[in-house]
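Read the structure below first, then the notes.
The values are calculated or read from the model by the stated rules, or taken from the named source; none is laboratory data. A quick note: this is a predicted structure, and the numbers were derived from the prediction, not measured. Please note: Cβ atoms are built from the backbone with ideal geometry, for glycine as well, and neighbour counts cover all protein chains shown. Just the protein is used for accessible areas: all its heavy atoms, side chains included, with ligands, DNA and RNA removed. Shrake-Rupley method; radii C 1.70, N 1.55, O 1.52, S 1.80 Å.
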Amino acid sequence: MLTTDNYECTWDLYKSIPSLNHEGKTIFDETVEFNEKHKAHSMARLVDSRRAKVPVTSMGFSMQDRMELLKLSHADEDALGASCITDWLSPKFFETEFWTMWATTFAFQPWHSAVEFKRYLHRFILEFSRIETLAGVKRTIYNQYDSLVVPLQTWLAAQGVRLVMDCKVTELDHKTEDGKFIVTGIHCLRQGKSEVIAVNDGDFVFMQNGSMTDASSLGSMTSAPTKLTKADSGGWTLWEKLAEGRPQFGNPAAFNRCIAQSY
């Protein structure tokens, strides 16, 4: 789900990435044009267990819901700490049409972070006025891989960027100078073979350690996907190695100590 009222960094990037299908236009241009022709407007935002359309013109808030929601949205993040959404909102709130629409749009569960919920309330406050139809949603012409990833990869390759596939980073050699963590080597498995990539003085290392598909598996029409665990996740393992004894690298346990509530 994308909107053109948010995702400023994403759209700023794609205003400079040329379309692969429309000469002289950027990915941003072609996406905006597509959405002007094909406007999102859900006629049945929610459907109940009887497959009947649920009326959603009202958010379903009580006055207590409104007061609690305002209190949460104004709370300082230090005060919110590691609390859950359920610590701030009453059980009845989670029966409202608003919660069902908001949770299904942004993938929230009641036990998720109150801080994250507050950030979404602030960032997407405009959606309050149109969440019952999803009118703010913008879609790419194709799936997001073909519409966003492929054009960006094509542009990067044209700039001389070398993309290495089938390669897993397992460890970072490092040293500490003047309190700074400096990477000196990258250990990786490339096509099943171990190797170390040397990092020279003055080189920059950017590590994006996160993937929605990490430790996932695929099934078929005749077999179920293999059940994997955190032990199969290279991303979590690498983060835990880096964070051990280094609070500046964050706290992986805040996210993976209870898999049942995280997946």
Quiz item: Restricting attention to the range 13-34, does a residue exist that is of a type outside the set (S, T, N, Q), under 24 Å from the mean Cα position of the chain (by Cα), within 16 Å of Thr140 (Cα to Cα) and exposed (fewer than 11 other Cβ atoms within 10 Å of the Cβ)?
Solution: no
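Select from the range 147-173 the residues that are farther than 19 Å from Ser16 by Cβ and open to solvent by less than 80 Å² (accessible area, probe 1.4 Å) and write down the one among them that is farthest from the chain's Cα centre (by Cα).
Checking each candidate, the answer is Asp173.
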Quiz item: Which one of Pro247, Pro252 is under 30 Å from Thr86 (Cα atoms), open to solvent by 90 Å² or more (accessible area, probe 1.4 Å) and not aromatic (Phe, Trp, Tyr)?
Solution: Pro247
Quiz prompt | Cβ-Cβ under 7 Å pairs, at least 6 apart or on other chains, the range 81-101 side touching a residue at least 40 places away in the same chain (Cβ under 8 Å) and in a helix (DSSP H, G or I), far side among the acidic types (Asp, Glu) and open to solvent by 40 Å² or more (accessible area, probe 1.4 Å) | solution = Met101/Glu132
Exercise. For residues that are β-branched (Val, Ile, Thr) and open to solvent by 30 Å² or more (accessible area, probe 1.4 Å), scanning just the range 62-119, find the one that is farthest from Leu46 (Cα to Cα).
Key: Thr86
Quiz prompt | Matching entry among Pro110, Pro55 (being at pLDDT 95 or above and either within 22 Å of Asn6 (Cα to Cα) or in a loop (DSSP other than H, G, I, E, B) (or both)) | solution = Pro110
Practice problem: Being at pLDDT below 95 and either in contact with a helix residue (DSSP H, G or I) (Cβ under 6 Å, 6 or more places away or on another chain) or aromatic (Phe, Trp, Tyr) (or both) is the filter here, so list the residues in the range 10-44 that pass it. | Solution: His22
Practice problem: Identify the residue in the range 178-219 that is more than 27 Å from the chain's Cα centre (by Cα) and among the aliphatic types (A, V, I, L, M) and, among all such residues, is surrounded by the fewest Cβ atoms within 10 Å (Cβ to Cβ). | Solution: Ala198
